[in-house]
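J.: Structure below; questions to follow.
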Amino acid sequence: MQAFIEGMPKAELHVHIEGTLEPELSFALAEKNGIELPFDSPEALIAAYDFHDLPSFLTIYYAGMSVLIDESDFYKLTWDYLEKAASQNVVYTEIFFDPQGHTSRGVAFETVITGIRKAQVDAEQKLGIRSQLIMCFLRDMSAESAMEHLQMAKPYLGWLVGVGLDSDEYNNPPVKFKDVFALAKQWGLKLTMHCDVNQKNTLDHIRQVIEVIGVDRIDHGVNSLESDELCELIVEKQLGLTVCPVSNRFVVQSLTANEIRTMLDKGMLATINSDDPAYFRAYMNENLIELQQEGDFSQSELKTLMANAFKVTWLPEEDKAAYL
Ligand code: ES4
Ligand code: ZN
């Protein structure tokens, strides 16, 4: 089964590039940039990963970004992720980035997006892994800040396939960003938003992303199973759900294997993803292997999960067909 999983051509649709920052690279960049880390070694840094909910994770995740300063840092971060993903037979990936996590520290938008883009182009040429970029807004910052960042992205629209919404969901509903997402849609960008697992007002948020924002996909969205009506809407609209099993374990102490199987049984387009693989210590293969073990998934179910991912990618239809 492990060999089957490792050998499958895979697509990943929910991975935060800042969440792929490995402790070893953190140390190398800290040294290069003259930044002092409050740990003696990469191992000590990993030992300090103490996540039990979204806020406790996000604190560590944002602190980790402090070593990313110049274009070459964003290049190396992205290159290393793409190299790792390619080594796991990921043939296509849609990558999130959080520009506000960098501009708020004085790093220019252009520095961030150019470093990421150059690595994407090189990785496609040299490693054969194709990728597209999704700009996320931090939902615990203002709608005005999100709008400013959307405007900053205007000269780079050709490098973006869509926009997303991440960070702390508490008291930050999707509708807060209605105008920002409406403009992004007008500009031809695809839309997705996080509806993280077990957040306050989670069913309201899922309803908002579908009915008010009009998203093309939902990130996580596991709690939709609590409402037959929302499940039916998700099936009817053929919305992909980018579920992240190992990430879920930090919030609900489960890889949500039962929920993922229920989604498949209902005809919902569930997909499997790594979210923040360096922090959660699990890339695509590890997510799939652990999920298979928890839920005793068959090869046919795993194939369905991966076919779902290719179906709901934001590739042109004719390119999608090549993978299905
Ligand atoms: C995230 Cl797991 C998770 N949830 C919300 N926002 C995020 N950004 C990076 N990882
Ligand atoms: Zn995420």
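J.: Using r as the Cβ-Cβ distance of Ser142 and Ala3, and R0 as 35 Å, what FRET efficiency do you calculate, to the nearest 0.05?
T.: On the way: r = 49 Å, r/R0 = 1.40.
My answer for the efficiency is 0.10.
J.: Could you give me the percent of Cα pairs per 20 Å distance bin for the chain, shortest bin first, beginning at zero and ending with the bin that holds the maximum distance?
T.: Spelled out per bin, shortest first, that is 34, 62, 5.
J.: Suppose every Lys and Arg Cβ carries +1 and every Asp and Glu Cβ carries -1, with no other charges. What dipole size does region 73-205 come out with about its Cα centre, to the nearest 20 debye? Working shown, then result.
T.: Numbers: 14 positive and 17 negative charges, 70 e Å.
Result for region 73-205 is approximately 340 debye, rounded to the nearest 20.
J.: Could you list the trypsin sites (Lys or Arg not before Pro) in region 168-222 that lie in coil according to DSSP, counting only those with at most 16 other Cβ atoms within 10 Å of their Cβ? Don't jump to the answer; show the numbers that get you there.
T.: Values: sites: Lys176, Lys178, Lys185, Lys190, Lys200, Arg207, Arg217; in loops: Lys200.
Within region 168-222, the qualifying trypsin sites (Lys or Arg not before Pro) (loop, at most 16 other Cβ atoms within 10 Å) are Lys200.
J.: Return the long-range amide H neighbours of Gly240 (sequence gap of 5 or more, or a different chain), with a cut-off of under 5 Å between placed amide H atoms.
T.: For Gly240, the qualifying residues are Ile218.
J.: Restricting attention to region 267-324, which trypsin sites (Lys or Arg not before Pro) occupy a DSSP loop and are surrounded by at most 14 other Cβ atoms within 10 Å?
T.: Arg281
J.: Please identify, among Thr103, Thr271, Thr78, the residue showing maximal mean-square fluctuation in a Gaussian network model of the chain using a 10 angstrom Cα cutoff.
T.: Maximum among the listed residues: Thr103.
J.: Name the most mobile residue of Asp53, Asp265, Asp219, meaning the one with the largest mean-square fluctuation, in a Gaussian network model of the chain with Cα contacts below 10 Å.
T.: In this elastic network of the chain, the residue with the biggest mean-square fluctuation among Asp53, Asp265, Asp219 is Asp265.
J.: To continue, here is another question. How big is the gap, in Å, between the Cα center of region 71-143 and the Cα center of region 227-244?
T.: 28
J.: Mind checking which of Ile210, Ile260, Ile60 has the largest fluctuation in a GNM of the chain, springs on alpha carbons under 10 Å?
T.: Its mean-square fluctuation being the largest, the pick is Ile60.
J.: To the nearest 0.05, what FRET efficiency results for Thr262 and Glu83 with a Förster distance of 30 Å applied to their C-beta separation? Walk me through the numbers before you get to the answer.
T.: Working: r = 35 Å, r/R0 = 1.17.
Efficiency at R0 = 30 Å is approximately 0.30.
J.: Treating the beta-carbon of each Lys and Arg as +1 and of each Asp and Glu as -1, no other charges, what is the dipole magnitude of the chain about its Cα centre, to the nearest 20 debye? Mind dumping the intermediate values first?
T.: On the way: 26 positive and 50 negative charges, 166 e Å.
The calculation lands at about 800 debye.
J.: Hey, with R₀ at 51 Å, roughly what FRET efficiency would Glu36 and Glu236 work out to, going by the Cβ-Cβ distance, to 0.05? Each step should come with its number before you reach the end.
T.: Working: r = 53 Å, r/R0 = 1.04.
Calculated value: 0.45.
Computed from the coordinates by the stated procedures, all read-outs in this text should not be read as laboratory data. All figures in this text were calculated on a predicted structure; none of them were measured in a lab. Glycine also receives a Cβ, built like all others from the backbone with ideal geometry; neighbour counts cover every protein chain displayed.
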